[in-house]
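So the structure is just underneath, and the comments pick up after that.
The values are calculated or read from the model by the stated rules, or taken from the named source; none is laboratory data. Keep in mind the model is a prediction, meaning the values are calculated, not measured. Using ideal geometry, Cβ is built from the backbone for each residue, glycine included, and neighbour counts are taken over all protein chains shown. All accessible areas refer to the heavy atoms of the entire protein, side chains included, with ligands and DNA or RNA removed. Shrake-Rupley method; radii C 1.70, N 1.55, O 1.52, S 1.80 Å.
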Amino acid sequence: MDWLLVSVMNGVVYGLLLFMVSAGLTLIFGMMGVLNFAHASFYMLGAYFAFSLQARIGFWGAILVAPIIVGAVGVVVERYFLRRVHQYGHAHELLLTFGLSFMIAELVKLFYGNYPVNYRIPGSLDFAAFAVGGLDYPAYRVLMGGVAMAMFVLIYLLLTRTRVGIIVRSAIYKPRMAEALGHNVPLVFMGVFGVGAALAGLAGAVAGAFYTTNPNMALELGVMVFVVVVVGGLGSLGGAMLASILIGTITSLSVGIDASLSDLFALFGARQWAEGVGGLLTLKVSSTAGTIPFALMLLILLVRPHGLLGEKG
Amino acid sequence: MSDAILTLRGLKKSFGDIEIIRGVDLDLLGGERHALIGPNGAGKSTIFHLISGNIAPTAGEIMFAGKQIGGAQPQAINHLGISRSFQITNIFPRLTTFENLRLAVMRAHGLQYNFWRLVDNNRRVREQTERLLEMVRLQARADSIAGEMSYSEQRSLEIAMTLASDPRVILLDEPMAGMSRDETEYTSNLIREVTKGRALMIVEHDMDVVFSLSERVSVLVYGQVIATGTPEEIRRNASVKEAYLGEEVAA
Amino acid sequence: MKPVHILLLGIVLALLALPSFLTPGLVNAAIQMLIAALFASAYYLLCGQAGMLSFGHAAYFGMGAFATIHAMNAIGGTGLLPTPLMPLAGAIGGGAFGFFAGYFSTKRTGTYFAMITLAIAELVHALAPHLKALFGGEAGVSATRMPAWGFTFGSTNEVYYLTLAWVALCLTLLYLYTRTPLGRLTLGLRENTHRLRFLGYNTHGLAICVFVVSAMFSGVAGGLLVVSNEAANYVLFDAHLSASVVLNTYIGGVRVFLGPILGASLMTFFGYAVSDLTQSWLLYQGALFVLVMMYMPNGLAGLFGQIGQWRSRFGLAALIPFVLLALGAGLLVGGGGAFAIEMLQRFLSQDYQALASANAAGTWPPIRLFKHDWSPAAPGTWLVPATLLTAGAGLAVLARQWLRRLVQREESNRAAAEASVPGDAA
């Protein structure tokens, strides 16, 4: 039971992290109709910038400054890259961000090397928050969840309670109308793109210290974020939240399951046969935890092609 | 006149809380030219979308030749013999006019999954495509990129594509919008010509076209058919005058 | 004979004669180029013609490769098919998996489709190392080419000719495909899927078909790689291979059939040629891709087409200065960029940093690059790339001005011509 509780908590924290990245992606997609392939690269940049800054301005300073730099990178990407190719259509924009993500990964390898860097939680934060069944639960995980939650509350309030938020929302849903009303829509686009990037950067700065910071982290997380978005329904913040938590928890739970499909067949007395077949049937669930979200995605596509909370059409 | 080929009964469509089509009963008789008129926002295009399978009805039924087709896939409905054009030009913009039309023609020849024959060698497809091009007076534009042609030329192409599958029922959604006087007259005659032996349902704002072309007219107002009859009957109908035609007819 | 036919004939003859001029190493590179060209062409069918962006095409390439290696190992190593027919197994493997993946991914279009293809590829990549019987785990699977039809297939040259024959056959088939009804409908799928449905086509079925054809030819490419390497490893499923086919295809250009072939051959050749000189080839590839996407959306092939169009508009004589200026700009920017990247790469490398920290504090040992020693602390070192880049940018501005002047001249000529024939204007 304790194991279950810890797994669920880990899963929720990982899910919140996924949401931090996919929320920005969803916002940008809703606004510009462009899936930003480089979004997870912003997450990676956040981790690397924080790693570099940590030595000079300390951990908390790094956590604060790194997202700002990433946000600035996002602004540059929107203003000088995406806007340039907007005329060629969405596919072209998607390809450009794909190229940028490829380039960012290579640049990171150039500057930091093609191996994990030593970005760690500071000693002062490396303690147990509480114990579950004799196992210490790291405070840093709680902190990560807290940062993510605080972020959502802030963004939610910003979008719903402020003048800027109203303009942003109107620019998302009816850009032409907002422009006609005299709002500077390109500026709003640039701003939201920057904020989305900064959000991903913050997630990276916080999570990079806990997980590993390496040049593959963008691809690994990026793919997971795409799965979240397909499962949740593209353009739906609620769907992104639901799918993030779902995928976080499932991944975390399956790591602890030491069973395989052959155990399922054993219920019908077919274990011998299943073990004879081998391959997929005898694979332990725990060793394939990473693939379960993809399987979930295929299942969703089969039964609910528009995602859990996605609109049809 | 023969029996109804297409029948709408109690047809309803809502988007969220808003009911756009509020119980439509309508018969399209085999071989007749039937106009659907009504003010903007009455739901004319929505009826076309429902019949052609672009959207599924909320309630009610659409019967085509004795078969219920409401909510079926567009391609299935097309296979049964209903072909439509679109109000907003809906073509393959970066392909040539010839290519646009050939794609439409190929379907009836059962060439969807054919990858072992060269399409240029198929004489029947080529000849039919050329015939259709000639019919809508686009033969000189065969090699033009469809998206770069004038608006009225694109409308003509749209009509030709609709005719390509040799349908039993043709739905034309404002085919003459944006055409000059001369083009409208030509197209009107063309429609009369090519719909011989088929049923036509047409949405059109040009009342001259509507009254000269159609044998029966239905008037749709706020998602309901308020009158159906010959052009003469519709002209005389008091509630139609009040709801829609008004001064247009008086003038 | 049209010029394009003469060109093709020339290329085929050159490819046939190639092995007699090249070292085995270069013949091997030529094999890789051929395979990459076929892979890119198969990919182009999906992305360029059907307008479906796949970011996970390595999956079908890899499935084809593994199907081929198992076919080679079948029946106690004698093989399921004679060696020259082995890539057929690749076609079946790639096509079969393409059907599975295509069924799911073509349920959606556009951005969703792109994400699903990526996720399926990642699923395969994550699962493959666990399925030892199928994909051989970390070590992979190896096999031996068996003699067949009077060939031993022991030499690189024989493998080269086998690959050439297959690639030539497949590219011909892929080209002919574009002229078939299904091939024309593929374009319709890109242009307006919605309209196709109302013309009575089952667009999901069509999309699956196109996907399978593309996956099948990708599988042949994978099979050819296995026939050449006699080994396959789950690394074939790496996202990197998927990315490189996207990059190659778009660098070449997706508006014409030969574009992706050109892009893939060129990029593979350069990748081979510079592999000893730089560790940052992928960065150059990515940067080139980004530049192409931003400044020449129709790729290298489109660039040639554009220059041809300008030549007929402005005349060769007027265009030569522009071409020279643009070429100069390209060379200078490329040189400056390469200098900066190589310098940085060497400066930031672990070896150099270790060397520097072992040295006395405050001194940086010189870095050897382009047969010179450069001190990273000297401003002159960094002035070199800066100067090159600035000069390149300057030339680019000049080239642009020249082109603008040509356009202006053409316009004023036209205005003058119209003025001289007043009746025509009305």
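For this structure, a couple of remarks:
- Residue in region B:85-94 that is within 13 Å of another protein chain (Cβ to nearest Cβ) and over 21 Å from the mean Cα position of the chain (by Cα) present: yes
- If you go through region C:95-148 and keep only what is at the interface with chain A (Cβ under 9 Å from one of its Cβ atoms) and among the aromatic types (F, W, Y), you end up with C:F104, C:Y112.
- Residue in region A:199-206 that is farther than 16 Å from A:H39 by Cβ and either in a helix (DSSP H, G or I) or touching a residue at least 24 places away in the same chain (Cβ under 8 Å) (or both) present: yes
- Restricting region C:123-139 to residues that are among the small types (G, A, S) and crowded, with 18+ Cβ neighbours inside 10 Å, the residue that is nearest to C:N233 (Cα to Cα): C:G136
- Selection of region C:97-129 for residues being more than 24 Å from A:G290 (Cβ to Cβ) and over 22 Å from the mean Cα position of the chain (by Cα) yields C:F99, C:T106, C:T109.
- Taking the conditions (1) hydrophobic (A, V, I, L, M, F, W, C); (2) within 11 Å of chain C (Cβ to nearest Cβ); (3) open to solvent by 20 Å² or more (accessible area, probe 1.4 Å) in turn, A:L242 satisfies each one other than (2).
- Any hit, region C:229-242, residues being more than 30 Å from C:Q345 (Cβ to Cβ) and of a type in the set (S, T, N, Q): no
- Criterion: surrounded by fewer than 22 Cβ atoms within 10 Å (Cβ to Cβ) and among the β-branched types (V, I, T) - qualifying residue of C:V256, C:V245: C:V256
- Flag: A:Y88 does not match the condition of being out of contact with any helix residue (DSSP H, G or I) (no Cβ under 8 Å at 6 or more places or on another chain), surrounded by fewer than 20 Cβ atoms within 10 Å (Cβ to Cβ) and touching a residue at least 60 places away in the same chain (Cβ under 8 Å).
- Residues (open to solvent by 10 Å² or more (accessible area, probe 1.4 Å), more than 30 Å from A:L95 (Cα to Cα), more than 14 Å from chain A (Cβ to nearest Cβ) and in a helix (DSSP H, G or I)) located in region C:48-82: C:A67, C:N73
- A:V77 open to solvent by less than 50 Å² (accessible area, probe 1.4 Å), more than 10 Å from chain C (Cβ to nearest Cβ), of a type in the set (A, V, I, L, M) and over 18 Å from the mean Cα position of the chain (by Cα): yes
- Scanning region A:210-229 for residues that are surrounded by 24 or more Cβ atoms within 10 Å (Cβ to Cβ) and more than 13 Å from the chain's Cα centre (by Cα) turns up just one, A:T213.
- Sole exception among (1) assigned to a helix (DSSP H, G or I); (2) open to solvent by less than 10 Å² (accessible area, probe 1.4 Å) for C:L26, by number: (2)
- When we screen A:A72, A:A47 for residues that are part of a helix (DSSP H, G or I), open to solvent by 10 Å² or more (accessible area, probe 1.4 Å), closer than 30 Å to C:A114 by Cα and touching a helix residue (DSSP H, G or I) at 6+ places or on another chain (Cβ under 9 Å), the only hit is A:A72.
- Only one entry of C:L324, C:L344, C:L348 meets the criterion of being away from every other protein chain (no Cβ under 14 Å) and either open to solvent by 70 Å² or more (accessible area, probe 1.4 Å) or under 23 Å from C:W281 (Cα atoms) (or both), and that entry is C:L324.
- Criterion applied to C:G25, C:G64 was being more than 26 Å from C:G102 (Cβ to Cβ) and among the small types (G, A, S), and the one residue passing it is C:G25.
- Elements of the type helices (runs of 4 or more DSSP H) sitting completely within region C:323-426 and holding at least 1 residues that are of a type in the set (V, I, T): these cover C:379-420.
- The one condition from (1) under 28 Å from A:Y112 (Cβ atoms); (2) modelled with pLDDT of 85 or more; (3) surrounded by fewer than 11 Cβ atoms within 10 Å (Cβ to Cβ) that C:A354 does not meet is (2).
- A:A129 vs. criteria more than 17 Å from A:N216 (Cβ to Cβ), within 23 Å of the chain's Cα centre (by Cα) and open to solvent by 20 Å² or more (accessible area, probe 1.4 Å): no
- Filtered by the rule that a residue be closer than 18 Å to A:V195 by Cα and of a type in the set (K, R), region A:166-181 gives a lone residue, A:R169.
- Candidate set from region B:105-160 (those that are among the charged types (D, E, K, R) and within 13 Å of chain C (Cβ to nearest Cβ)); member that is farthest from B:I191 (Cα to Cα): B:R117
- Here B:N54 clears all of (1) under 22 Å from B:T195 (Cβ atoms); (2) open to solvent by 10 Å² or more (accessible area, probe 1.4 Å); (3) away from chain C (no Cβ under 14 Å) except the condition numbered (3).
- Some residue of region B:212-226 being closer than 28 Å to B:K12 by Cα, free of Cβ contacts under 8 Å to residues at least 24 places away in the same chain and surrounded by fewer than 20 Cβ atoms within 10 Å (Cβ to Cβ): yes
- Flag if C:Y161 is closer than 30 Å to C:H240 by Cβ, open to solvent by 30 Å² or more (accessible area, probe 1.4 Å) and at pLDDT 90 or above: yes
- Scan region A:80-104 for residues that are in contact with a Pro (Cβ under 8 Å, 6 or more places away or on another chain) and within 8 Å of chain C (Cβ to nearest Cβ) and the total you get is 3.
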